Amino acid sequence: MAAEADGPLKRVLVPLLLPEKCYDQIFVQWDLLHVPCLKILLSKGLGLGIVAGSLLVKLPQVFKILRAQSAEGLSLQSVMLELVALTGTMVYSITNNFPFSSWGEALFLMLQTVTICFLTLHYSGQTVRGGIFLVSYALVLLALLSPLPPPSLITLLQASNVPAVVVGRLLQAATNYRNGHTGQLSAVTVFLLFAGSLARIFTSIQETGDPLMAGTFVVSSLCNGLIASQILYYWNVKAPGKKKQQ
């Protein structure tokens, strides 16, 4: 009877959140303080939570741009560099067969970041350029995911994440400082990205053991924290109204 009762629960948890040996350790032997298995459970749970949350992380930013019909305050270079970092993480993880729970948010954040790039170009009067960008990015992504690129190129792409993240966030921080406000930056998006990158430090160490992945998220957390601190500092400063075109 116990085995039958365990059946549905086991099918849900194994292997989505726990390997079978950890399921037996916790739910059969009732060793509820088995640290290695608890770390796996926490890492998997956090990872899947981050992936699920990533579906909505940048939507507040997208809606804020659409509502204002302006991308004022956003640094296009910063958004582009963030896209490079997300693409590198996604391609590197797929190539190395890392579990989806350790990188899945990169896919959804990439799609939302591409949308923000297009909207930024569109509302700056460069819609055609935005369309060319979408087609070009799709072709580059297909090429990177094909068998053609050598593994060394994919590793180099992931290694480039650190400078891309640093330069991108510093460009956004400089734009905020120069403007004296954070413009159409969404506080919800910024704080969710900060929290997600902090959690990813633990999950990347636990699930991939890859120092390159973990190091990227350490740097990303520091840089996201910088932007989050500017959001707080300029909280009561409003961006000037959008000027009407002559």
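Read-outs throughout are calculated quantities, based only on the coordinates presented, and are distinct from any laboratory measurement. Quantities reported herein were computed from a predicted structural model and do not represent experimental measurements. Here Cβ is always computed from backbone atoms with ideal geometry, including for glycine, and neighbour counts include all displayed protein chains.
Loop-only check: which chymotrypsin sites (Phe, Trp or Tyr not before Pro) in region 197-236 are DSSP coil with at most 14 other Cβ within 10 angstrom?
Numbers: sites: PHE202, PHE217, TYR233, TYR234, TRP235; in loops: TYR234, TRP235.
Listed in order of number, the matching sites are TRP235.
Listed values for region 190-201 are Karplus-derived 3J(HN,Hα) couplings in whole Hz (6.51 cos²θ - 1.76 cosθ + 1.60, θ = phi - 60°), namely 4, 6, 5, 5, 4, 5, x, 5, 4, 5, 5, 4, and x replaces Gly and Pro.
Dipole of the chain, Cα-centred, from +1 at each Lys and Arg C-beta and -1 at each Asp and Glu C-beta, to the nearest 20 debye? Could the numbers behind the result be given before it?
On the way: 16 positive and 10 negative charges, 247 e Å.
Dipole of the chain, to the nearest 20 debye: 1180 debye.
Looking at the square roots a ≥ b ≥ c of the eigenvalues of the Cα gyration tensor of region 6-99, which shape do they give, rounded for a/c under 1.5, prolate if a/b is larger than b/c, or oblate? Display every interim value, and only then the final one.
Details: a/c = 3.63, a/b = 2.46, b/c = 1.48.
Note, shape of region 6-99 comes out prolate.
Taking Cα atoms only, the orientation of helix 161-179 departs from the longest principal axis of the chain by about 40 degrees.
How would you classify region 103-237 from its alpha-carbon gyration tensor, with a ≥ b ≥ c the square roots of the eigenvalues: rounded for a/c under 1.5, else prolate if a/b is greater than b/c, otherwise oblate? Oblate.
Could you work out the relative contact order of region 99-208? I mean the mean sequence separation of Cα pairs under 8 Å and 6+ apart, divided by the number of residues, in percent.
Details: 24 pairs, mean separation 37.7, N = 110.
About 34 percent, as a whole number.
Applying a 4.7 Å Cβ-Cβ cutoff to the chain leaves CYS117, CYS223 as cysteine residues with no disulfide-compatible partner.
Helix 76-95 axis versus longest C-alpha principal axis of the chain: approximately 20°, rounded to the nearest ten.
Specify whether the C-alpha gyration tensor of region 55-97 places it in the rounded, prolate or oblate class, a ≥ b ≥ c being the square roots of the eigenvalues: rounded for a/c under 1.5, otherwise prolate if a/b is larger than b/c and oblate if not. Each step should come with its number before you reach the end.
On the way: a/c = 5.43, a/b = 2.04, b/c = 2.66.
Cα axes put region 55-97 in the oblate bin.
For the chain, the longest principal axis of the alpha carbon atoms and the long axis of helix 35-57 meet at an angle near 30°. How far apart, in nanometres, would the label points at LYS10 and ALA195 be if each is projected 7 angstrom from Cα along the Cα-to-Cβ direction? Roughly 3.6 nm, to one decimal. The order of the peptides 80-87, 106-113 by mean Cβ neighbours within 10 Å, most packed first, is 80-87, 106-113.
What whole number of Å gives the distance from the Cα centroid of region 14-53 to the Cα centroid of region 117-176? Between the Cα centres of region 117-176 and region 14-53 lies a distance of 35 Å. Extension gain, ILE94-LEU222: 0.36 nm per intervening residue step, less the Cα-Cα distance, totals 43.5 nm. The value of relative contact order for region 1-117, using C-alpha pairs under 8 Å at least six residues apart, is 29 percent. Only Lys, Arg, Asp and Glu carry charge here, each on its Cβ (+1 for the first two, -1 for the last two); on that basis region 1-147 has a dipole of about 380 debye about its Cα centre.
Look at the dipole of region 101-246 built from charges on Cβ: of PHE191, GLN126, LEU142, the Cα furthest out on the positive end belongs to GLN126. Taking every alpha-carbon pair under 8 Å whose residues sit at least 6 apart, region 176-226 reaches a relative contact order of 36 percent.
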